[in-house]
Amino acid sequence: SGELFVGYSTFSGNAADQGGALYGQGAASLTDSTLSGNSALNAAAAAINGDTLLQSDTIAFNTVTCSPGCPHPYAFGVIAGILNIENTIAANTDGGDNLRAGGLVISSNNLIVHGTVPPGTLQSDPRLQPLAINGSRLLVQPLTHALGPGSPAIDAGAATAFVTLDER
């Protein structure tokens, strides 16, 4: 329990029963981060039980491995609490929804292919490229998914104060 803050990070290749990359009991904030290639019986990328902020994140190519009949399989889930999601891509989950929220959702400028999809959300294939070092202002270059040609996510986000480069 407590608060979780993740920024400018990549979680990839992790596995667990619940929350393949992250599991939290309390508030969480993920900014400019990528959760990709993780797996779990449920919540392939993350399971958070508390208010959650997702800001300029990519949640993609995660695998839910629960057996058929598993209730509500998903890649990223906010079990209870408010989900505030901005400028985030959630797509290409194998075996479940990309995003699931158990409470109020506040949303702007996102691309979510299926799952908890608030009104006004883009729902097309984001045409993500494989994980790679795509350039960053950070000393340590995180792996990210570049947007492929013709991606509906190109220029679809909103400007954020003090952000000059999208780290996703």
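The values are calculated or read from the model by the stated rules, or taken from the named source; none is laboratory data. In this text, all values refer to a predicted model and were calculated from it rather than measured experimentally. Positions of Cβ are backbone-derived with ideal geometry, glycine not excepted, and every protein chain shown enters the neighbour counts. Note: areas computed on protein heavy atoms with side chains; ligands, DNA, RNA excluded. Shrake-Rupley method; radii C 1.70, N 1.55, O 1.52, S 1.80 Å.
Residue check: is Ile106 modelled with pLDDT of 95 or more and closer than 25 Å to Asp155 by Cα?
Taking the combined requirement at face value, the residue does not satisfy it.
Is it true that Thr58 is within 19 Å of Ile112 (Cα to Cα) and touching a His at 6+ places or on another chain (Cβ under 6 Å)?
On the way: within 19 Å of Ile112 (Cα to Cα): yes; touching a His at 6+ places or on another chain (Cβ under 6 Å): yes.
So Thr58 fits the description; yes.
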Just the residues that are open to solvent by less than 10 Å² (accessible area, probe 1.4 Å) and over 19 Å from Leu147 (Cβ atoms), please, taken from region 77-95. Gly77, Val78, Leu83
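Report whether or not Thr58 is among the β-branched types (Val, Ile, Thr) and under 17 Å from Pro130 (Cα atoms). Write out each step before concluding.
Values: among the β-branched types (Val, Ile, Thr): yes; under 17 Å from Pro130 (Cα atoms): yes.
Considered against the rule, which asks whether it is among the β-branched types (Val, Ile, Thr) and under 17 Å from Pro130 (Cα atoms), Thr58 comes out as yes.
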Checking Phe11 against (1) without any contact (Cβ under 8 Å) to a residue 60 or more places away in the chain; (2) open to solvent by less than 20 Å² (accessible area, probe 1.4 Å); (3) within 14 Å of the chain's Cα centre (by Cα), which single condition isn't satisfied? (2)
Region 138-157 residues that are at pLDDT 90 or above, paired with ones that are of a type in the set (Gly, Ala, Ser) and part of a loop (DSSP other than H, G, I, E, B) (beta carbon under 6 Å, 6 or more apart): Leu147/Ala153; Pro152/Ser124
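Check region 115-129 and report whether any residue there is in contact (Cβ under 8 Å) with a residue 60 or more places away in the chain and crowded, with 16+ Cβ neighbours inside 10 Å.
Looking only at region 115-129, we keep the residues that are in contact (Cβ under 8 Å) with a residue 60 or more places away in the chain, and these are 126, 128.
The next check asks that each one be crowded, with 16+ Cβ neighbours inside 10 Å; those that pass are 126, 128.
Looking through region 115-129, at least one residue is in contact (Cβ under 8 Å) with a residue 60 or more places away in the chain and crowded, with 16+ Cβ neighbours inside 10 Å.
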